[in-house]
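The values are calculated or read from the model by the stated rules, or taken from the named source; none is laboratory data. Given the structure is predicted, the values throughout are model-derived calculations rather than measurements. Note: ideal-geometry Cβ built from the backbone for every residue, glycine included; neighbour counts use all protein chains shown. The area values use the complete protein model at the heavy-atom level, side chains included, leaving out ligands, DNA and RNA. Shrake-Rupley method; radii C 1.70, N 1.55, O 1.52, S 1.80 Å.
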Amino acid sequence: MSQVELHYLPINEHGFDIDLEHAVDYLDQFETERYHRYKNDHAQKCFLQARRIAKIELAKKLNCAPSDVVFDYTETEKPYLKPFLCAQSGQWHFNISHSQTAIVVGISETLVGVDVEDISRCKKVWRSAENFLNAYVKSCVDRGRSDTESAAIFAEHWTCTESYIKLKGSAIYREKDRVITRPQANFSAGSYKTFEDSCFTVFNFSDDVRIAVAVENDFPDIALSYWRTGEQRRYTPEAAIKPTR
């Protein structure tokens, strides 16, 4: 069973780190340029806070300073650790996502994709689910008993699709029409879903957001850590839960 550390910050409740401006020192030249290109103050802070969380937690794995954690990028701009950083500490993978109200960072020794989505944003688009995703998703959201429930269902499918895209290093235009995530089982804080060789853990412990974690071939053991508060929870799939293809 693969293991994923999921670092979560609900910024609508707690706000950003008080000394967040110091995290600029962690950024490399490419990230610094991108940081200064943001016109929206909130989006700029989300970018910086997410990078801070990722670099601090990865530095613990790599036995280095957060400022020494540097990334390369795929053609779809998915960040990954520069190979020389893993030479001494083993291969580490990570993924980052943020919305208006939350930030998540997933870290694992296997490939991982994560996504977080605000349900309030999905209230504006769920009626056009077949355009944003596909007809199967529309059939699911149409079964919602209220606009809020339909938006939440859409958010689950959207986060799964985005986490799959990030896991595979693909793009939304390549995958939106074909990704169909099927329900597998429920657990205390959400549900498990599958598509082809990908397994999704969907968290719905907040009425504001949905979070999806995607890995290949099995459902991971997830150690959820609330950034700054230090609260931790663990979600381990029961042995009886096996992905069906």
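Worth pointing out:
- Using a Förster distance of 45 Å, the FRET efficiency for Tyr136-Val24 (Cβ separation, nearest 0.05): 0.55
- Stretch in the chain that is longest and holds no GluC sites (Glu not before Pro) that DSSP places in a loop and that have at most 15 other beta carbons within 10 Å: 110-195
- Ligands, DNA and RNA left out, the 1.4 Å accessible surface of the chain is 47% carbon and sulfur atoms.
- Among Ser206, Phe47, Tyr80 the positive-end extreme of the charge dipole of the chain (Cβ point charges): Ser206
- Using the Karplus relation 6.51 cos²θ - 1.76 cosθ + 1.60 with θ = phi - 60°, the per-residue 3J(HN,Hα) values for segment 151-167 come to 5, 5, 5, 4, 4, 4, 5, 5, 5, 5, 4, 5, 5, 5, 4, 6, 4 Hz, with x marking Gly and Pro.
- Over segment 164-231, accessible surface divided per residue gives 40 Å², non-protein components excluded, 1.4 Å probe.
- Separation of the Tyr73 and Thr32 label points, Cα + 7 Å toward Cβ, nm: 1.6
- Local charge for Ile222 was computed over the other residues whose Cβ lies under 10 Å away, with Lys and Arg +1 and Asp and Glu -1, and equals 0.
- Over 31 Å apart at the Cα level, from the set Lys61/Lys124; Lys61/Lys138; Lys39/Lys166, are Lys61/Lys124; Lys61/Lys138.
- Shown here for segment 1-89: chymotrypsin sites (Phe, Trp or Tyr not before Pro) in loop regions (DSSP other than H, G, I, E, B) with at most 15 other Cβ atoms within 10 Å, namely Tyr38.
- DSSP bridge pairs, the chain: antiparallel proportion in percent, nearest 5: 90
- Here is the size of segment 25-148 from its Cα atoms: Rg then Dmax, 17.7, 53 Å.
- The chain - charge dipole about Cα centre, Lys and Arg +1 at Cβ, Asp and Glu -1, debye rounded to 20: 520
- Long-range amide H partners of Ser2 with built H, under 5 Å: Asp221
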